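Trainee: Just dropping this structure here.
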Amino acid sequence: MNVNCPTCKKSVEWKDTNPWRPFCSERCKLIDFGAWANEEYRVPAETASPDDLDQGGDTTRH
Ligand SMILES: [Zn+2]
């Protein structure tokens, strides 16, 4: 049985010895995880303004 890697679309053999299934590799798994993580973090990380510094762990303002 083969599946397509969600990240790079490469055909991947689905087997118990592949710890990254349905991804083809650890890299593709991390890229996929990072894809949704970046949706949350990319803006404040790169364009932090002084107003953002007092947020701490409280993001309920969003
Ligand atoms: Zn892949």
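Trainee: Where residues in region 1-17 are near the ligand (Cβ under 10 Å from one of its atoms) and not in a strand (DSSP E or B), which of them is nearest to residue 35 (Cα to Cα)?
Mentor: Only one residue fits best here, namely 7.
Trainee: Considering only region 16-59, how many residues are among the polar types (S, T, N, Q) and modelled with pLDDT of 70 or more?
Mentor: Total satisfying the criteria: 3.
The values are calculated or read from the model by the stated rules, or taken from the named source; none is laboratory data. Quantities reported herein were computed from a predicted structural model and do not represent experimental measurements. As a convention, Cβ positions derive from the backbone with ideal geometry for all residues, glycine included, and neighbour counts pool all protein chains shown.
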